Amino acid sequence: PSALREVLIEVPNVHWEDVGGLEEVKQELREAVEWPLRYPKAFERLGVNPPKGILLYGPPGTGKTLLAKAVANESEANFIAIRGPEVLSKWVGETEKRIREIFRKARQAAPTVIFIDEIDAIAPARGSYEGGRYLDTLLNQLLTEMDGIEENSGVVVIAATNRPDIIDPALLRPGRFDRLIMVPAPDQRARLEIFRVHTRRVPLAEDVDLAELAKRTEGYSGADIEALVREAAMIALRRAASSASREALESQSEEFLESLKVTKRDFE
Ligand code: ATP
């Protein structure tokens with residue numbers, strides 16, 4: 001139990017250039033998180049109150065976690081990550097204590113980004129779930145902690161969800177998660193950039209045409225593209241080839257396209 005109680009603080013090794021596409025989202029995060037964490041005095045002087053909470057929403061695998069890590073790292077901030085479903089399964093009986101502890105550690109280690117992945121699991125709209133008392137307590141504790149964050153204190157909470165529609169509206173009030181940022185599925189240009197990110201350290205056969213692959217992977221998320229590249233590299237490894245061949249990348253892309261249509265439809 002003592003190991004469970006540890007709040008893990010990390011410094012993620014993710015940079016802005018590891019995030020393909022999403023230029024507008026990155027710029028928004030620079031202004032809303034990086035600048036205030038780096039230059040708190042300037043914000044105070046100008047009387048500008050940066051957001052305490054930011055909600056990233058959009059389809060699965062589009063880089064929400066990646067963005068949170070990148071903005072923490074680029075802000076030279078510490079990073080504490082929690083996952084909604086994990087809170088429910090592992091923290092029973094000590095949830096309030098743990099949430100308090102996380103925010104206390106975050107203040108201590110400031111500047112700190114607290115990242116709550118799949119927040120919809122712990123903060124669904126009240127009345128929309130069974131056995132709600134436990135979740136109510138949890139949500140109230142979270143709201144109390146959010147409300148308690150002082151302006152320019154160097155603590156920012158970033159949450160992520162695929163289901164912004166089911167989140168309790170109390171979370172979205174001013175001073176809480178009042179900045180909503182949509183993280184969209186990548187278009188062709190963004191897919192090309194994501195291919196470039198994930199093939200940076202993968203030797204490619206000379207005839208591999210990433211632009212063509214980007215065109216043919218309509219509906220792919222960043223996570224799908226990463227998986228595709230990894231699979232092509234594995235095929236090369238199995239064949240003891242020295243580079244990922246064009247066939248491997250392209251045949252994979254056909255297969256993935258099939259499976260992906262399902263995922264996409266699920267989201268819409
Ligand atoms: P989920 O909603 O499923 O939690 P997410 O939006 O948080 O997904 P990430 O965990 O950030 O998605 O993405 C999973 C992996 O996919 C990342 O580790 C990264 O390798 C890759 N990936 C996703 N989007 C991008 C992107 N825009 N650029 C580069 N890599 C990406």
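The values are calculated or read from the model by the stated rules, or taken from the named source; none is laboratory data. For clarity, every value in this text was computed on a predicted model and none was experimentally measured. Quick reminder, even Gly has a Cβ in these numbers, built from the backbone with ideal geometry, and neighbours come from all protein chains shown.
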Margin query: Exactly one condition in (1) modelled with pLDDT under 95; (2) over 24 Å from T199 (Cα atoms); (3) surrounded by fewer than 19 Cβ atoms within 10 Å (Cβ to Cβ) is false for E31; which is it?
Written below: (1)
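Looking at L228, is it at pLDDT 80 or above, touching a helix residue (DSSP H, G or I) at 6+ places or on another chain (Cβ under 9 Å), assigned to a helix (DSSP H, G or I) and more than 13 Å from the ligand (Cβ to nearest atom)? First the steps, then the outcome.
On the way: at pLDDT 80 or above: yes; touching a helix residue (DSSP H, G or I) at 6+ places or on another chain (Cβ under 9 Å): yes; assigned to a helix (DSSP H, G or I): yes; more than 13 Å from the ligand (Cβ to nearest atom): no.
Answer is no for this residue.
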Notebook entry, point to check: T62 is checked against (1) within 14 Å of the ligand (Cβ to nearest atom); (2) part of a helix (DSSP H, G or I); (3) surrounded by 16 or more Cβ atoms within 10 Å (Cβ to Cβ) and fails just one. What number does that condition carry?
Noted result: (2)
Notebook entry, point to check: Which of the following residues is near the ligand (Cβ under 10 Å from one of its atoms), within 23 Å of Q108 (Cα to Cα) and crowded, with 23+ Cβ neighbours inside 10 Å: A68, A72?
Noted result: A68
Note to self: I'm trying to understand the selection: among the residues of region 79-120, which are assigned to a strand (DSSP E or B) and in contact with a Pro (Cβ under 7 Å, 6 or more places away or on another chain)?
What the structure shows: F79
Margin query: Testing L249 on (1) in a helix (DSSP H, G or I); (2) aliphatic (A, V, I, L, M); (3) at pLDDT below 90; (4) loosely packed, with under 14 Cβ neighbours inside 10 Å, one condition comes back false. Which one is that?
Written below: (4)
Next item on the list: Looking only at region 66-84, decide whether some residue is of a type outside the set (K, R), out of contact with any helix residue (DSSP H, G or I) (no Cβ under 9 Å at 6 or more places or on another chain) and over 17 Å from V14 (Cβ atoms).
Entry: no
Notebook entry, point to check: Which of the residues that make up region 17-59 are of a type in the set (S, T, Y) and either in contact (Cβ under 8 Å) with a residue 24 or more places away in the chain or within 10 Å of the ligand (Cβ to nearest atom) (or both)?
Noted result: Y57
Note to self: Checking G219 against (1) on the phi < 0 side of the Ramachandran plot; (2) within 16 Å of the ligand (Cβ to nearest atom): exactly one of these is not met. Which one?
What the structure shows: (1)
Next item on the list: Among the residues of region 39-54, write down those that are crowded, with 17+ Cβ neighbours inside 10 Å and in contact with a helix residue (DSSP H, G or I) (Cβ under 9 Å, 6 or more places away or on another chain).
Entry: F43, P50, P51, K52, G53, I54
